[in-house]
1. With each pseudo-label sitting 7 Å past Cα toward Cβ, what's the residue 56-residue 10 distance in nm, one decimal?
2. Given R₀ = 30 Å, FRET efficiency for residue 36-residue 2 by Cβ-Cβ distance, to 0.05?
3. Points 7 angstrom from Cα along the Cβ direction at residue 17 and residue 65: gap in nanometres?
4. What is the spin-label model distance, in nm, from residue 27 to residue 47 if the labels are put 7 Å beyond Cα along the C-beta direction?
Amino acid sequence: MIPYLELAKLITRKGHHISFISTPRNIDRLPKHPPNLAPLIDLVKLSLPHVDLPNNAEATNNVPRGGAKNFCLGG
């Protein structure tokens, strides 16, 4: 996620407005962006249904080791 946030910062430095969309826990984990870019970056929390996921699992690092393969295509 951090590389995408860094890309968003580069784009906003050119004056473009960015909406960065992710799950609530992922958004809460992101580092703060510079105050001068704050008006141009919207952090949007997208809640998704918990279908066959452990409680509070919003990223592969929230899934027990070896369990993430179940969420990959072809896995």
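Rule-based calculations on the coordinates, nothing more; no lab input. Quantities reported herein were computed from a predicted structural model and do not represent experimental measurements. Note that each Cβ is placed from the backbone with ideal geometry, even for glycine, and that neighbours are counted across all protein chains shown.
1. That separation, rounded to one decimal, is 3.5 nm.
2. Step by step, r from the Cβ atoms, then E = 0.95.
3. 4.6
4. Going by the 7 Å Cα→Cβ label model, 1.1 nm.
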